[in-house]
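Below is one structure, written out as structure tokens; comments come after it.
The values are calculated or read from the model by the stated rules, or taken from the named source; none is laboratory data. In this text, all values refer to a predicted model and were calculated from it rather than measured experimentally. Cβ: placed from backbone, ideal geometry, glycine included. Neighbour counts: every protein chain shown.
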């Protein structure tokens, strides 16, 4: 479903505007979580609109604070503060099988940039060490491959997919293949005290809760947009794209009303760890990946109902600066940019672009206000023109992996070609073979140098 939502987003990316967003509020009905529930309250804030962009169209560095007439910042009911580091509650132990894989030692090297790719035709996974060029293949007898990295209960795993008898995964340290019947997919706060659980389908779709492992409680989050609806038609409500700010002081949750006509409303709510609403913005899209800048103060990358221009919201000051350089460039090239992602150091924002003829990869440098587009049509020509679809930064920011195919912005996903761009030396290497569309960020997340045996 995330793939479909992403592709729908590409099709409507035609307008160039920095959108004003409005605010609305309404309570939800409390659901009975598995642990003690803290009753939530109506938000005590006065709704205010998302400020319009005040940056000039050219020669304006995004770090410059615009002279905005925005309303004063909303004060949360509870002041966010850093909590002590604790361990999450325990989860059911995985059931081991008699199978163990011989994995390469570099798969757990903390300095390695490792890609996870999958091939449905051969039913295999390919693990690539981008630093050294070494590759390791794993044969997986699954019809529906959706591989993903994840950590659970102090262990590092690589999941293969979702068979009916439990999720098959391999322990990266021991190579042991296990069945995990109860995987914790919740988004942990940086200090490990809190976890957010969102429901994107089923009868509880749209529900979001915060678990406090220290207090042993679970709080249902109010969706202030529950009754906010622009389209007069049936819809499905999703709660997804939940992310913690770098220090865990705030949580952002994107609520999506997906109408049967394939239109949608995307609304952003920012909570404190206690579940209080700090900000709420209607018609704000952060659906690509983690919208929080890796650097403090608290900034979020977003767009309105159009894919251009992307804007940076200062959450505390409630001020926005839109990147007009990208807007003007896209207009001059008559292309649609999409899939904006912060670099790990917070100094660049990458995106891909396309139309029926042009395609490529760019990144915007915030410190210099420069737009760099190192990959274009000729780089993606393989006996026919292929088109960029989606890109991801490596954890150290030295590489960008690019997925591309023959369909481009059309609402079809084909077999993907994959290339790696080296940001330092500006080299571009296309990998052999064809792969599946990634089910998440294909880069192995940062890993501790002293893994648990």
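Couple of notes before you dig in:
- Failed condition for residue 323, given (1) surrounded by 22 or more Cβ atoms within 10 Å (Cβ to Cβ); (2) more than 25 Å from the chain's Cα centre (by Cα): (2)
- Residue in region 198-213 that is closer than 30 Å to residue 346 by Cβ and touching a helix residue (DSSP H, G or I) at 6+ places or on another chain (Cβ under 9 Å) present: yes
- Any hit, region 111-118, residues being at pLDDT below 95, outside the structural domain of residue 430 (by TED's automatic domain parsing) and over 24 Å from residue 437 (Cβ atoms): yes
- Scanning region 405-432 for residues that are modelled with pLDDT under 95, surrounded by 15 or more Cβ atoms within 10 Å (Cβ to Cβ) and in contact with a helix residue (DSSP H, G or I) (Cβ under 7 Å, 6 or more places away or on another chain) yields 409, 413.
- Whenever a residue of region 173-185 is more than 23 Å from residue 209 (Cα to Cα), its partners that are at pLDDT below 60 and outside any loop (DSSP other than H, G, I, E, B), lying with C-beta atoms within less than 7 angstrom and at least six residues away or across chains, give the pairs 176/96; 177/97; 178/95; 178/96; 178/97; 179/95; 179/97.
- Flag: residue 297 matches the condition of being outside the structural domain of residue 399 (by TED's automatic domain parsing), at pLDDT below 95 and surrounded by fewer than 24 Cβ atoms within 10 Å (Cβ to Cβ).
- Against the numbered list (1) part of a strand (DSSP E or B); (2) touching a helix residue (DSSP H, G or I) at 6+ places or on another chain (Cβ under 8 Å), residue 257 comes up short only at (2).
- Strands (runs of 3 or more DSSP E) contained entirely in region 292-397, each with at least 3 residues that are farther than 18 Å from residue 281 by Cβ and touching a residue at least 60 places away in the same chain (Cβ under 8 Å): 336-342
- The condition (being at pLDDT 90 or above, in the same structural domain as residue 205 (by TED's automatic domain parsing), closer than 16 Å to residue 313 by Cα and surrounded by fewer than 24 Cβ atoms within 10 Å (Cβ to Cβ)) is satisfied by just one residue among 269, 253: 253.
- Filtered residues of region 435-453 (kept if at pLDDT 90 or above and crowded, with 16+ Cβ neighbours inside 10 Å): 435, 441, 442, 443, 444
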